Amino acid sequence: MPMPGKLKILLALMALSIGSSLVGRSWFSAAISVAIAIGLFIGNETVRKVVLFFSALGLVFAALSMLTFHPLAFVAGAVAALQSGFTVFCLTSADVKTWMFTKKLTG
């Protein structure tokens, strides 16, 4: 079964995040992001649930930051909300869950 397109996009966004962490010399953030990306790629259900939890939490905080009247905070909150929302959408979709389950079973 091929990897769903949504998951490919999510992993590409994670790769961009890893790249920006490396450029910014944030080694710990890059290492954590690489571990999470590998966990999602191999189909680890625990990693999926942890990422889902933190993305939902990020979605709530992004929505709260959009309530401020500062335009820059609104734009930053909107971008964070889009990223977190896409992550939640991707990891809760049936095709991604099925792919991760079969990937974990088949190795």
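Only helices (runs of 4 or more DSSP H) whose full extent lies in the chain are considered here, and the ones with at least 3 residues that are basic (Lys, Arg) are 94-106.
So which of 92, 68 is of a type outside the set (Asp, Glu), loosely packed, with under 15 Cβ neighbours inside 10 Å and free of Cβ contacts under 8 Å to residues at least 40 places away in the same chain?
On the way: 92 fails: free of Cβ contacts under 8 Å to residues at least 40 places away in the same chain.
Among 92, 68, only 68 is of a type outside the set (Asp, Glu), loosely packed, with under 15 Cβ neighbours inside 10 Å and free of Cβ contacts under 8 Å to residues at least 40 places away in the same chain.
Each row is one residue, and each column tells you yes or no for (1) β-branched (Val, Ile, Thr); (2) under 11 Å from the mean Cα position of the chain (by Cα); (3) farther than 18 Å from residue 89 by Cα.
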residue	(1), (2), (3)
1	no, no, yes
10	no, yes, no
14	no, yes, no
23	yes, no, yes
35	no, no, yes
43	no, no, no
47	yes, yes, no
55	no, yes, no
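Looking across region 1-24, the residues that are in contact (Cβ under 8 Å) with a residue 40 or more places away in the chain and either among the β-branched types (Val, Ile, Thr) or surrounded by 13 or more Cβ atoms within 10 Å (Cβ to Cβ) (or both) come down to 3, 4, 6, 7, 9, 10, 13.
Being touching a residue at least 40 places away in the same chain (Cβ under 8 Å) and surrounded by 13 or more Cβ atoms within 10 Å (Cβ to Cβ) is the filter here, so list the residues in region 42-64 that pass it. Write out each step before concluding.
Initially, region 42-64 is screened for residues touching a residue at least 40 places away in the same chain (Cβ under 8 Å), giving 42-45, 48, 51-52.
Correct list: 43, 44, 48, 51, 52.
With respect to residue 97, determine if the residue is under 27 Å from residue 38 (Cα atoms), surrounded by 12 or more Cβ atoms within 10 Å (Cβ to Cβ) and at pLDDT below 90. So residue 97 does not fit the description; no. Looking at 69, 86, 53, 61, just one residue is at pLDDT 90 or above and over 23 Å from residue 12 (Cα atoms), and that residue is 61.
The values are calculated or read from the model by the stated rules, or taken from the named source; none is laboratory data. Since we're looking at a predicted model, the values are computed, not measured. Neighbour counts run over all protein chains shown; Cβ positions are idealised from the backbone, glycine included.
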